[in-house]
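Step one of this worksheet: look at the structure below.
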Amino acid sequence: MTQPPEPALPLESAPHAFRQVPRTGVIYVMNEAARHGYQPEHPDWANLGQGAPEVGLIPEGPPRITAIEVDEHDCEYAPVVGIPELRDAVAALYNARYRQGKASQYTRDNVAIVAGGRTGLTRVVSTLGRAHLGHFLPDYTAYEELLDCFGAFVPIPIMLDPDHRYRFNQKDLEQEILGRGLSGLLLSNPSNPTGKLVRGEALASWIDSGRRLDCALIFDEFYSHYTYVGDELTVSAAAHVEDVNTDPVVILDGLTKNWRYPGFRVAWVVAPRSVIESVASAGSFLDGGCARPMQRAAVPLLDRAVADAEARAIQRSFRVKRERMMTGLEALGVRVDLPPQGGFYCWGELSRLPEGLRTGMELFRAALSEGVIVVPGEFFDVDPGHRRGGRPSRFRHYARFSFGPSLPVLDRGLAGLERLVRRAR
């Protein structure tokens, strides 16, 4: 993957004991935008690189939390694994949504509360043993450093083909597990950035393969309220687990995206009891746990009626923005390989744009002059340890366009891109 041209620290400024840690793609993009004058809520800017949804009240959505009461007990540390009432609420929601009529049910012992999605992922991967861990290309930018900072396992990339609309079936999965000796697979579902959603019988077949071949499946489900295909209100691997304590299925989710409370930093890991015990132990030395007041505030949001109302409101509101983004990009000459089936991103191929705008990095830099932010596609070419030797990224002609912001911001961003393309032509 092409590296950002500017390091996080000048080499001479770092003490000898410390390695350099590159910024993740989105952080690099936002720092560059700030150098060009970007400020959140500035009326002349449109952040189409945004990795979070709009957070205000949306039509027909449940009321938003605007105040949190703190009592004296909230000044104490919370349990590293999370407060019991929130763990119970998470388990109850998963059972109500996905496990009605099933003998095996989730309990608090299958839930760890964590301070945000990255913290949850860090805890999970820190507990992996000496194994081959598969990951897809393209996928979430933060996976790159995450998969490189623990030396116990070897990350194995699995390339998905845009010409086949990023399809990957049970046969493909089993070939990867057996052929590459995978003991685990990490993926976002729905995918960030492509919007590909694995659901229904396809998802059930993956879990069947993981169960039979003893391959842990780690599902990042932070966009599971944002689904635009099928009959299900939400999609989760939890619906296809046979035994919650023996099936090798680990699920991460939280308030960040699906409830539109990224600032709360409340998320969770749902997994077999033995995995949760390890995740809790890792939290005791990695992060110490999630803030107690935020956990207490989260409990009523996990009520199924509230959670389902939020999911329905999200799908109504974001479906409109999805259509607006796809229509706008097509008019510009940006090809979307796969209309997003989930999430709030369009993964756009840029080769039909005018010369000078045909790579993600070119478009990103040029768009800053119009007050528009996008994320170059090369940042999603996850390459832990940069083992591919600095070769040009396979996704250099792509960019990710977010329809997470409000509709007025989307319109402003598309108008800015239209000016840029018109001028280049």
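Out of curiosity, is Asp247 of a type in the set (Asp, Glu), surrounded by fewer than 23 Cβ atoms within 10 Å (Cβ to Cβ) and at pLDDT 95 or above? Give the steps one after another, and end with the answer.
Details: of a type in the set (Asp, Glu): yes; surrounded by fewer than 23 Cβ atoms within 10 Å (Cβ to Cβ): yes; at pLDDT 95 or above: yes.
Judged against the criteria, Asp247 is a match.
Conditions: (1) among the basic types (Lys, Arg); (2) in contact with a helix residue (DSSP H, G or I) (Cβ under 8 Å, 6 or more places away or on another chain); (3) within 22 Å of Arg199 (Cα to Cα). Arg312 meets all but one. Number of the miss?
That leaves (2) as the condition not met.
May I ask you to say which residue of Pro262, Pro272 is more than 21 Å from Leu57 (Cα to Cα) and crowded, with 17+ Cβ neighbours inside 10 Å?
Pro272
Filter the range 90-106 for residues that are over 20 Å from Thr119 (Cα atoms) and either of a type in the set (A, V, I, L, M, F, W, C) or at pLDDT below 95 (or both); which is farthest from the chain's Cα centre (by Cα)?
Looking at the filtered set, the residue picked out is Ala103.
Output the residues belonging to the range 70-96 that are without any contact (Cβ under 8 Å) to a residue 24 or more places away in the chain and part of a loop (DSSP other than H, G, I, E, B).
Asp71
Checking Glu174 against (1) crowded, with 20+ Cβ neighbours inside 10 Å; (2) in a helix (DSSP H, G or I), which test does it fail?
(1)
Take Glu41 and tell me if it is in a helix (DSSP H, G or I), charged (D, E, K, R) and either exposed (fewer than 10 other Cβ atoms within 10 Å of the Cβ) or at pLDDT below 95 (or both).
Here the answer is no, as Glu41 does not meet what is asked.
It is to be established whether one or more residues within the range 192-203 are surrounded by fewer than 17 Cβ atoms within 10 Å (Cβ to Cβ), closer than 24 Å to Arg335 by Cβ and among the β-branched types (Val, Ile, Thr).
Checked against the condition, which is being surrounded by fewer than 17 Cβ atoms within 10 Å (Cβ to Cβ), closer than 24 Å to Arg335 by Cβ and among the β-branched types (Val, Ile, Thr), the range 192-203 yields no hits at all.
Scan (1) polar (S, T, N, Q); (2) under 22 Å from Arg130 (Cβ atoms); (3) in contact with a helix residue (DSSP H, G or I) (Cβ under 7 Å, 6 or more places away or on another chain) for the single condition Ser205 breaks and write down its number.
(2)
Does any residue in the range 404-422 that is among the hydroxyl-bearing types (Ser, Thr, Tyr) come within less than 6 Å, Cβ to Cβ, of a residue that is modelled with pLDDT of 95 or more six or more places away or on a different chain, and which pairs are these?
Correct list of pairs: Ser406/Glu54.
Residue pairs, Cβ under 8 Å, 6 or more apart or interchain, first in the range 271-291 and in the same structural domain as Ile218 (by TED's automatic domain parsing) and more than 28 Å from His240 (Cβ to Cβ), second of a type in the set (Phe, Trp, Tyr) and modelled with pLDDT of 95 or more. List them.
Partner pairs satisfying both residue conditions: Gly288/Tyr77; Gly289/Tyr77.
Quick check: anything in the range 332-354 in a helix (DSSP H, G or I), in the same structural domain as Leu410 (by TED's automatic domain parsing) and not aromatic (Phe, Trp, Tyr)?
yes
Can Ser393 be described as in the same structural domain as Tyr38 (by TED's automatic domain parsing), more than 19 Å from the chain's Cα centre (by Cα) and polar (S, T, N, Q)?
Here the answer is yes, as Ser393 does meet what is asked.
Only one of (1) closer than 24 Å to Val336 by Cβ; (2) assigned to a loop (DSSP other than H, G, I, E, B); (3) without any contact (Cβ under 8 Å) to a residue 24 or more places away in the chain fails for Arg130. Which number is that?
It fails just one condition, (1).
With the condition kept exactly as written, say whether any residue in the range 385-400 is surrounded by fewer than 19 Cβ atoms within 10 Å (Cβ to Cβ), of a type in the set (Gly, Ala, Ser), closer than 17 Å to Tyr38 by Cβ and out of contact with any Asp or Glu (no Cβ under 7 Å at 6 or more places or on another chain).
no
Within the range 187-196, can one find any residue that is farther than 19 Å from Tyr345 by Cα, in contact (Cβ under 8 Å) with a residue 12 or more places away in the chain and outside the structural domain of Gly343 (by TED's automatic domain parsing)?
Looking only at the range 187-196, we keep the residues that are farther than 19 Å from Tyr345 by Cα, and these are none.
No, there is no match, as no residue in the range 187-196 is farther than 19 Å from Tyr345 by Cα, in contact (Cβ under 8 Å) with a residue 12 or more places away in the chain and outside the structural domain of Gly343 (by TED's automatic domain parsing).
Is it the case that Met361 is under 22 Å from Met30 (Cβ atoms) and surrounded by fewer than 21 Cβ atoms within 10 Å (Cβ to Cβ)? Even if it seems obvious, please write down each step before you answer.
Values: under 22 Å from Met30 (Cβ atoms): yes; surrounded by fewer than 21 Cβ atoms within 10 Å (Cβ to Cβ): yes.
Yes: the conditions hold for Met361.
The values are calculated or read from the model by the stated rules, or taken from the named source; none is laboratory data. Note that the coordinates shown come from a computational prediction; the quantities given were computed from them, not determined experimentally. For neighbour counting, all protein chains shown are included, and Cβ atoms are generated from backbone atoms with ideal geometry for every residue, glycine included.
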